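First comes the structure, then the notes that go with it.
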Ligand SMILES: Cc1cc2nc3c(=O)[nH]c(=O)nc-3n(C[C@H](O)[C@H](O)[C@H](O)COP(=O)(O)OP(=O)(O)OC[C@H]3O[C@@H](n4cnc5c(N)ncnc54)[C@H](O)[C@@H]3O)c2cc1C
Ligand code: FES
């Protein structure tokens, strides 16, 4: 049964332009369509009328690249748990419903156009220390260092983060703590990640502050919104690593962290 | 033009070591004087950019997504091969080499494949050191599985997210170098043309996808790691943005295109559900380990699957290929599905699907065991189709997945344009006419971490490169040409969207140049594609302007290039009068419907040169010699 929907979509012509909601009718929506396919159809209709289609980011449409991300009726990635916008299907909505669609809202994520935002701040947090410093070519044999299965599994749980920014969008403080903590936890669970463990936490947290993300007050909205179900426990781990770093790391690394 | 693949002399097992020793080196203090442009941040591009920066080169890296971490490599699920022989099950470099040459149906270059198998072991070490959380056994050592019909367990994996984890490893290495200043990263930046000065690749013209500004970057060498072109079929398992523009522009400037018609069609994808369909989703091949593939025996049998008794089901893979059964190679399984549907026995909407049934496995092993093995895949399937595969058999259908063809490169991964190197899925190199599962990730990382860092030095050290400034006349001319083309796309003022042309092109390609091809269909496609292209250039509409974020304009540019590439693919498919790997010409099959290769006439790489606007492409041949693996007919019976 095709559905009829009313869409209230945030339109903004550019980074410095004013934005506003505009209403569109989407008739003939199949419940088997994905949310983005529904927007594709609306965009084809706008194009046919000579209007500028709605800009939104997406690429893999399989829930893994982290490029898509819309606020749908006030929820990051919409109503379904553990689901990215591209994996959300129209059968999750009711015929006749009005759906409000907005970009991620955060000071650190300026709007570029319509529903597209600039998330490069997340890359800069990784640049600050979200890696293991190993040059190509000087790795020992892969089995030289056994990793307990439970540690490898815990690392993988955290490493599943797709960097979409839903945690930031969902957080009342627009904090990037879940994103940052996921990387700190991923590398911190592994023996390979130990040498830089505390320094990494100090530097990544400092960068997060520099990028104007808000502080974490453990609301837990991030965990609810996360399409990969990253646990908020990672934030506890990050805080511990950060404190350990403040106590025991050499002064130069603490300075980089801006003392909290 | 004589094609020189520059394959080092000597026994295959020693070629790469010997070559590494013989190649010229750039003095460490001089490396920072060289600037290398890397287009693409997938496994191939990110690993290359990070490693070259570690060596001291100045690197600029480009991608069209908003972050390098989102390259299409992220979507790979199943795993990555390596000849570690950790399982003590008889694997070796030689066996991986052998399997790859044979799996590619003898249309790949032996020397390259051997090197790939050699390097595979270093890749795993490198990724482990970077913190890639590969699956492990209770003893803490790396786990393996067998994949895609291989008879040894050599596939390493990180749950169903191997590509994601490998790419994050490469991305983190890249960001580490960005922080140090060795790499400048340009995200949301699309390469629209190559710049040559004095017959060498010296730069690229790009469009900033946010501001729309067109500008140039110049350097000493250019590396394209821009992925595959499967989206020429519109519907494929590739990410929506995957495109051919970078390699197609380079091809039009003189880089030969190798085996453009070699496409891999993956047998286990979720069938299309409607006209609005925007992409197809792959279901991991591992499902075929426990699922049984069948269709009803009777044409037009519309009973629900559980009402069809076993005697009235055709488990056609088990029937036709008793020794490999449901694990037959991709090309064979795909074609068999198509035959079943063509004979009117397909299931689901439009009859374009076959069942992948877990009933027997659930009865044998229990639901919990199946959930443990495939739980996340079942969930994904249910999310998309709203059907529960524990109760109802899955419906699957083949979909375009990978392109073995790509720009022709020599042993050093350099194209026929000096200074232009091509890595990963964008080149034609190692998979011949059919790629084995879990070998694309291996190739991308081999190219990026372990091959180009050596061969780029050899090129730079052996070439006298004059400095090129941003206002060099050739640079300005390339930039102006891109500006003109962009204006042209914006000013057609017709009625049809780029997407509508793309869909139509995709349908032609799928019908005529897809799983099975024949001369009359290909000739028909060669009539229809130019006509469609003509309509595109007279009836396209692109709303908005060039000086802003304009996704319609991005799409239009990519579709324009697909419309040209498609014609070359059909030309190549028509000329190759044999069946091999993913290329099945219905005229060339055995009596029982198997592919018939013609080694006498076609044991070569077809490397096509651009003939000029409106002119036929020019065929060059690189003959393939099989000195180690004996030419033999593949048999999976
Ligand atoms: C669903 C799926 C599952 C797969 N699973 C497996 C698997 O299990 N094992 C396996 O071995 N292989 C698998 N493959 C294949 C494998 O993932 C790809 O072949 C491989 O990742 C390609 O890597 P790449 O680095 O060559 O290109 P990509 O990862 O596609 O990267 C291309 C890069 O180029 C950039 N780019 C492209 N054009 C331009 C331009 N004009 N300007 C600027 N930048 C540009 C993009 O932004 C991107 O950064 C799978 C493929 C798919 C589709
Ligand atoms: S488009 Fe890739 S996660 Fe949604």
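Quick one: order B:285, B:587, B:600 by neighbouring beta-carbon count within 10 Å, fewest to most.
Listing B:285, B:587, B:600 from fewest to most nearby Cβ atoms yields B:600, B:587, B:285.
Which FRET efficiency, nearest 0.05, do residue B:137 and residue B:208 yield, Cβ-Cβ r, R0 56 Å?
0.70
Please label the shape of the protein assembly as shown as rounded, prolate or oblate, based on the square roots a ≥ b ≥ c of the eigenvalues of the alpha-carbon gyration tensor (a/c under 1.5 means rounded; beyond that, a/b larger than b/c means prolate, else oblate).
Here the protein assembly as shown falls in the rounded category.
What ranking do B:460-469, A:74-83, B:41-50 get when scored by the average of other Cβ atoms within 10 Å per residue, highest first?
Highest-to-lowest ranking by the protection proxy: B:41-50, A:74-83, B:460-469.
Full extension from residue B:476 to residue B:589: what is 0.36 nm times the residue separation minus their Cα-Cα distance, to one decimal in nm?
Stretched out fully, the residue B:476 to residue B:589 stretch lengthens by 35.5 nm.
In peptide B:163-170, what is the residue-averaged number of other protein chain Cβ atoms found within 10 Å of each Cβ?
Partner-chain Cβ atoms within 10 Å, mean over residues of B:163-170: 4.
Peptide B:134-142: average number of partner chain Cβ atoms within 10 Å per residue?
Averaged over the peptide's residues, the number is 6.
With angles folded into 0 to 90 degrees, how steeply does helix B:330-340 sit against the dominant principal axis of chain B? Use alpha carbons for both and round to 10.
The angle comes out at about 50 degrees.
Just counting partner chain Cβ atoms within 10 Å, what average do the residues of peptide B:188-194 show around their Cβ?
1
How many angstrom separate the Cα center of the range A:233-254 from the Cα center of the range B:575-637?
Between the Cα centres of the range A:233-254 and the range B:575-637 lies a distance of 60 Å.
Give the angle, between 0 and 90 degrees and rounded to the nearest 10, that separates the Cα long axis of helix B:367-385 from the longest principal axis of the Cα atoms of chain B.
70 degrees
Once the piece of chain linking residue B:575 and residue B:537 is laid out straight, how much longer is it, given 0.36 nm per residue of separation minus the C-alpha distance between them?
Full extension of this stretch gives 10.9 nm more.
Which FRET efficiency value, to the nearest 0.05, is calculated for residue A:45 and residue A:210 with the Förster distance at 30 angstrom and r the Cβ-Cβ distance?
Step by step, r from the Cβ atoms, then E = 0.10.
At 7 Å along the Cα-to-beta-carbon direction for both residue B:306 and residue B:618, put a label point, then send me their distance in nm to one decimal.
According to this spin-label approximation, the distance is 6.5 nm.
If packing is taken as the average count of other Cβ atoms within 10 Å, what order do B:193-203, A:237-247 fall into, highest mean first?
So the peptides B:193-203, A:237-247, ranked by packing, come out B:193-203, A:237-247.
Stretch residue A:95-residue A:149 to full length: gain in nm at 0.36 nm per residue minus the Cα-Cα span?
Working it through step by step, the gained length comes to 14.7 nm.
Going by C-beta contacts inside 10 Å, put A:248, A:219, B:62 in order with the fewest on the left.
If I rank by nearby Cβ atoms, fewest first, I get A:248, A:219, B:62.
In nm, to one decimal, how far is the modelled label at residue A:133 from the one at residue A:229, with both set 7 Å along Cα→Cβ?
Here the modelled spin labels are 3.7 nm apart.
Between the helical axis of B:452-461 and the dominant principal axis of chain B, each derived from Cα atoms, what acute angle in degrees is found, rounded to the nearest 10?
For helix B:452-461, the angle is close to 20 degrees.
At what distance in nm do the modelled label points of residue B:464 and residue B:298 sit from each other, each positioned 7 Å from its Cα along Cα→Cβ?
So the two model labels end up 8.2 nm from each other.
With a Förster radius of 25 Å, plug the Cβ-Cβ distance of residue B:637 and residue B:518 into 1/(1 + (r/R0)^6) and report the FRET value to the nearest 0.05.
Taking R0 as 25 Å, the efficiency between residue B:637 and residue B:518 is 0.55.
Quick one: compute the contact order of chain B, relative version, from alpha carbon pairs under 8 angstrom and 6+ residues apart, as a percent.
20 percent.
To the nearest Å, what is the center-to-center distance of the range B:222-294 and the range A:51-126, using C-alpha atoms only?
Value for the Cα centre distance between the two parts: 25 Å.
Determine the calculated [θ] at 222 nm for the protein assembly as shown from helices alone, applying -39500 (n - 2.57) to every DSSP H run no shorter than 4 residues and normalising by the residue count; nearest 500 deg cm²/dmol.
Taken over the protein assembly as shown, the calculation gives -11000 deg cm²/dmol.
Just how far, in whole angstrom, is the range B:471-488 from the range B:10-59 if you go by their alpha carbon centroids?
30 Å
Sort the range B:412-457 into rounded, prolate or oblate with this rule: let a ≥ b ≥ c be the square roots of the eigenvalues of the Cα gyration tensor; rounded if a/c is under 1.5, and if a/c is not under 1.5, prolate when a/b is larger than b/c, oblate otherwise.
Oblate, since a/c reaches 1.5 and b/c is not below a/b.
Starting from the Cα of residue B:1, step 7 Å toward the Cβ, then list every residue of the range B:257-278 with an amide N under 19 Å from that point.
Residues B:257-262 fall inside that zone.
Students often check this: by mean Cβ neighbours within 10 Å, which of A:163-169, B:615-621 ranks highest, and how do the rest follow?
My ranking of the peptides, most packed first, is A:163-169, B:615-621.
Please rank B:392, B:39, fewest neighbouring Cβ atoms within 10 Å first, as an exposure proxy.
Ascending number of Cβ neighbours within 10 Å: B:392, B:39.
Quick one: go through the range A:1-37 and flag any residue whose amide nitrogen is under 14 Å from the point 7 Å out along the Cα-to-Cβ line of residue A:105.
Zone members listed by number: A:9-11, A:19-21.
Throughout, read-outs are computed from the coordinates displayed, never taken from laboratory work. Note that the structure is a prediction, hence the values are computed from the model and not measured. Glycine also receives a Cβ, built like all others from the backbone with ideal geometry; neighbour counts cover every protein chain displayed.
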